[in-house]
Amino acid sequence: MSCDAIQERLDERALARTLDDGSPEAVELGAHALRCAACGAHRRFLVALEAALDVPEPEPVAAAVVAAALGVAVLALPLVVAHAYLVIEGGAWLLAAWLPAPVLTWLGAVYLLSLALGVGALYGLIPLAVAFRRRASWESG
């Protein structure tokens, strides 16, 4: 069997996670890898790759943490809505003498849209921030 064929068989066995299963084919491939520098280097690479990929998965987030995060997010929404209402009403009261009603309505709508996009982006980034933090702590420990 050629070295290319041996390396293909090593690849297949590595993908099947049977590189060192003690079967006659694994023993034969291992013996060839001991004699051949190129196949030996390829086999060592596959063993190192398999070891690197055998890192355990991080544990899922506890339900209590998810419930607490959702509770904080839901409690903040009335404050955001009240703030938007006060800004729009206050702005309309202050600017009513200088700007016509359609312009004030348009300014209020633009403000609400920008606020909705900002709050939506903030709430949308929370899961990404949690995942980033968990991955960083998982990789460091």
key: Gaussian network model of the chain, Cα within-10 Å springs - most flexible of ALA84, ALA33, ALA69   = ALA33
key: LEU94-LEU128 pseudo-label distance in nm [points 7 Å out on the Cα-to-Cβ vector]   = 3.2 nm
key: Sequence-separation-based contact order of the chain, relative, with Cα cut under 8 Å and 6+ spacing, percent   = 17 percent
key: Check: the range 52-141 dipole with +1 on Lys, Arg Cβ and -1 on Asp, Glu Cβ, in debye   = 200 debye
Solvent-accessible area, 1.4 Å probe, carbon plus sulfur percent, for the range 1-84 = 69 percent
Hydrodynamic radius (Kirkwood) for the range 100-140, which is based on Cα pairs only, to one decimal in Å = 12.5 Å
ask   = Based on Cβ point charges of +1 for Lys and Arg and -1 for Asp and Glu, what charge dipole magnitude is obtained for the range 20-83 about its Cα centre, in debye rounded to the nearest 20?
value = 280 debye
Residue among LEU86, ALA41, GLY124 farthest towards the positive dipole end of the chain, charges placed on Cβ = LEU86
task = List, in order, the whole-Hz ³J(HN,Hα) value for each residue of the range 89-99 obtained from phi through the Karplus relation with A = 6.51, B = -1.76, C = 1.60 and θ = phi - 60°; use x for Gly and Pro.
result = 5, x, x, 5, 5, 6, 9, 4, 6, 9, 10
query = Kirkwood Rh over Cα pairs of the chain into Stokes-Einstein at 10 °C, 1.306 mPa s: D in µm²/s?
reply = 75 µm²/s
Cβ crowding within 10 Å averaged over residues, with 3-13, 122-132 ranked highest first = 3-13, 122-132
query = Using a 4.7 Å Cβ cut-off, which Cys residues in the chain lack a partner cysteine?
reply = CYS3
note = The base-10 log of I(q)/I(0) that the Debye equation returns for the range 61-124 at q = 0.24, 0.25, 0.29 Å⁻¹, one scatterer per C-alpha, is -0.99, -1.03, -1.18
request  = State in Å² the accessible area per residue of the chain; use a 1.4 Å probe, count heavy atoms of protein chains only, and round to the nearest integer.
outcome  = 74 Å²
ask   = Considering the dipole of the chain built from charges on the beta carbon (Lys and Arg +1, Asp and Glu -1) around the Cα centre, which of LEU70, HIS32, ALA136 is farthest to its positive end?
value = LEU70
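The values are calculated or read from the model by the stated rules, or taken from the named source; none is laboratory data. The model shown is predicted, which means the values in this text are computed figures rather than measured ones. Because the Cβ atoms are built from the backbone with ideal geometry, glycine has one as well, and the counts that use them run over all protein chains shown. With ligands, DNA and RNA removed, areas are computed over all heavy atoms of the protein, side chains included. Shrake-Rupley method; radii C 1.70, N 1.55, O 1.52, S 1.80 Å.
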